[in-house]
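Working notes for the structure below.
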Amino acid sequence: MNDWQSWAAIVVFAGTYALIISEKIHRVAAALGGAGLMLAIRATDDTSAFYSEHSGIDWNVIFLLMGMMMIVGVLKKTGMFEYLAIWSVKRAKARPFRVMVMLIVITAVASALLDNVTTVLLIAPVTLLVCERLTLPVAPFLIAEVLASNIGGMSTLVGDPPNIIIASRAGLTFNDFLVHLAPLSALLILVLIAMCRWLFRKSFVYDEDRAAEVMELEESEAIRDPRLLVQGLIVLTLVVAGFVLHPVLHYEPSIVALLGAGLLIALSTAETGDVLKEVEWPTLAFFAGLFIMIGGLIETGVIGEVSKALADAIGDNELGGSMLLLSASAVLSGIIDNIPYVATMAPITSDLVEAMGGDTNHVMWWALAIGADLGGNATAIGASANVVVLGIAERNRTPISFWQFTKYGLVVTAVTVAISAGYVWLRYFALA
C-alpha cells in the first residue's frame, strides 16, 4: 500500500466520513461526492464499481431494499400498520416502556427470520404511528429497534448479510448459527432492554388522557382494504418463506423481494407510480455511494492490508486471536459497511482456521460473525438497517442526527461486545 492512490483513497473516505459526521452537508451528497472522487482518482473504475461482486455496488442489497420498500408501500394502503400500532399499544396498556419492550422483542424475533433491513422497514411505520398516538418522541423507539434488529439478526444464517457470506465460506448451516449464536443473541436482547430503560428513561412519559383515547380505539376499524391486505400478507408470507429457504432454493433475497413486489403490484389495484413513491430513493443512493467508496478502499488494497495486519497479529493464538478478531471486527464494522469487510476477511479467517487445524465450527468464525454483526450498532452508518431507519425518520419529518444515534449505539456496542467476549471465552475455552 505504497502508491499514491491508496493514500488518496484513505483521504477521500476519511474526508467523506467527516462530512457525514459533521452533517454540514446531506449524507447522500457526501456519499455520492466521495464516490465520484474515488472514480476520479482511479481508486476504482466503472467495471469494479458497477459490476464487481466484491468491490462494487452490492446490487443484491439495493434491489432487496427496493423490493421490500415497494411491498411495504402497498401494505401501507391497507391500514395494516395502524392496526398493529393500536393492537400493540393496547396490549402494553399504553405504558411507553412496555411498548418499547414489545417492539424490541418483535423486531429481534423478526430479524432472526427475515434480514434486519426488511424487519425495520416493516416495524418502523408501526412505531411512527404508536408514537404519534401517544405523543412520544420517535427517535428513542426507532433507535432501540435498530439496535434490536442487528442483535436479533446475528442469531441466524439469514438474519444479517455477513452471516450468509461466512456460512458460504465456512460451510456452516442454518442450525449451526442457531446453536452457536442464538443463545448469545437472546441474552443480549435482555441486556438491551435493561439498557434502554436507563438510556431513554426521560422519554417514557405516560399521558393518561392520550392513553385512554388509544385504549378506546377498535383496531379492526383501521383496516381500509381487507382484500388488498389478504393479498399483501400472502405475498409477504411467500417472500419470507423464500428468505428462509434460501439454502434450499438458492434464490438471492433480492430476487425474492423483487418477485414479491412485482406479483403484489400485478394482483392489486395499487398504482405502480404511487408504490414507487414509497421507495426511499435517497437511502438507495447513499448505499450506492458508500459501496463505491468502500470498493475504492478494497481495489487499492487498503482493506486487504488492514485484514492481513490483523491476521499477522493473531498468528496461531486461538484465545487471543478470537478476542482480537471479535473486537477489531466490531470497530471496523462501525466505520465501514460490514458486508465488504466480511467478504474481505472471510478468506483470511479461513486460512487462520486451517493453520490452527480447526474444523467448520471453529471459534474464529463465530468471533468474526459476532464482531461484524454487533459492530454495526456503533454508528449511524455502521449497518444497512441504521441507514434505512434514518432515511424513514427524515422522510417523516422526525430526523435522527448522526450523533443522536451514535451516542447510544456506541454505549450499547461496547457493552454487548464485552459480554460477547465473555461468552466466547466461556463457551469455547473455559468449558471446552
For segment 23-79, the count of residues that are over 19 Å from I336 (Cα atoms), among the small types (G, A, S) and either out of contact with any helix residue (DSSP H, G or I) (no Cβ under 8 Å at 6 or more places or on another chain) or modelled with pLDDT of 90 or more (or both) equals 1
Is one or more of the residues making up segment 324-334 open to solvent by less than 30 Å² (accessible area, probe 1.4 Å) and among the hydroxyl-bearing types (S, T, Y)?
yes
I298 in a helix (DSSP H, G or I) and either at pLDDT 85 or above or open to solvent by 30 Å² or more (accessible area, probe 1.4 Å) (or both):
yes
Condition first: outside any helix (DSSP H, G or I) and closer than 17 Å to L326 by Cβ. Now tell me which residues in segment 366-406 satisfy that.
G376, N377, A378, G382, A383
Condition broken by P399, with the remaining ones in (1) in contact (Cβ under 8 Å) with a residue 60 or more places away in the chain; (2) in contact with a helix residue (DSSP H, G or I) (Cβ under 8 Å, 6 or more places away or on another chain) satisfied
(1)
Kindly evaluate G153 against the criterion of being more than 21 Å from D58 (Cα to Cα) and modelled with pLDDT under 95.
no
Does segment 327-362 hold any residues that are among the acidic types (D, E) and either assigned to a helix (DSSP H, G or I) or on the phi > 0 side of the Ramachandran plot (or both), and which are they?
D351, E354
Suppose we keep only residues that are part of a helix (DSSP H, G or I) and open to solvent by 60 Å² or more (accessible area, probe 1.4 Å) within segment 1-21. Which one would you say is nearest to W403 (Cα to Cα)?
L19
Can you give me the number of residues within segment 315-360 that are under 30 Å from G289 (Cα atoms) and either out of contact with any helix residue (DSSP H, G or I) (no Cβ under 9 Å at 6 or more places or on another chain) or polar (S, T, N, Q) (or both)?
7
Count of segment 22-48 residues which are of a type in the set (A, V, I, L, M), part of a helix (DSSP H, G or I) and open to solvent by less than 40 Å² (accessible area, probe 1.4 Å):
5
Based on this model, can you work out whether A211 counts as over 25 Å from V417 (Cβ atoms), among the small types (G, A, S) and either at pLDDT 90 or above or touching a Leu at 6+ places or on another chain (Cβ under 9 Å) (or both)?
yes
Among the residues of segment 60-69, what is the count of those that are more than 14 Å from T119 (Cα to Cα) and of a type outside the set (V, I, T)?
2
Test S220 against the stated conditions and say whether it is assigned to a helix (DSSP H, G or I), within 27 Å of S329 (Cβ to Cβ), open to solvent by 50 Å² or more (accessible area, probe 1.4 Å) and among the polar types (S, T, N, Q).
no
So, G321, is that one at pLDDT 85 or above, touching a Leu at 6+ places or on another chain (Cβ under 9 Å) and either more than 21 Å from N377 (Cα to Cα) or surrounded by fewer than 18 Cβ atoms within 10 Å (Cβ to Cβ) (or both) or not?
yes
Among (1) within 16 Å of V61 (Cα to Cα); (2) open to solvent by less than 20 Å² (accessible area, probe 1.4 Å); (3) not in a loop (DSSP other than H, G, I, E, B), the one test that L259 misses:
(2)
Please work out which one of (1) touching a helix residue (DSSP H, G or I) at 6+ places or on another chain (Cβ under 7 Å); (2) open to solvent by 10 Å² or more (accessible area, probe 1.4 Å); (3) free of Cβ contacts under 8 Å to residues at least 40 places away in the same chain is the condition A92 fails and give its number.
(2)
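The values are calculated or read from the model by the stated rules, or taken from the named source; none is laboratory data. On a predicted model such as this, the values are computed, not experimentally measured, just so you know. Cβ: placed from backbone, ideal geometry, glycine included. Neighbour counts: every protein chain shown. Accessible surface is based on the protein model in full, side chains and every heavy atom, while ligands, DNA and RNA are left aside. Shrake-Rupley method; radii C 1.70, N 1.55, O 1.52, S 1.80 Å.
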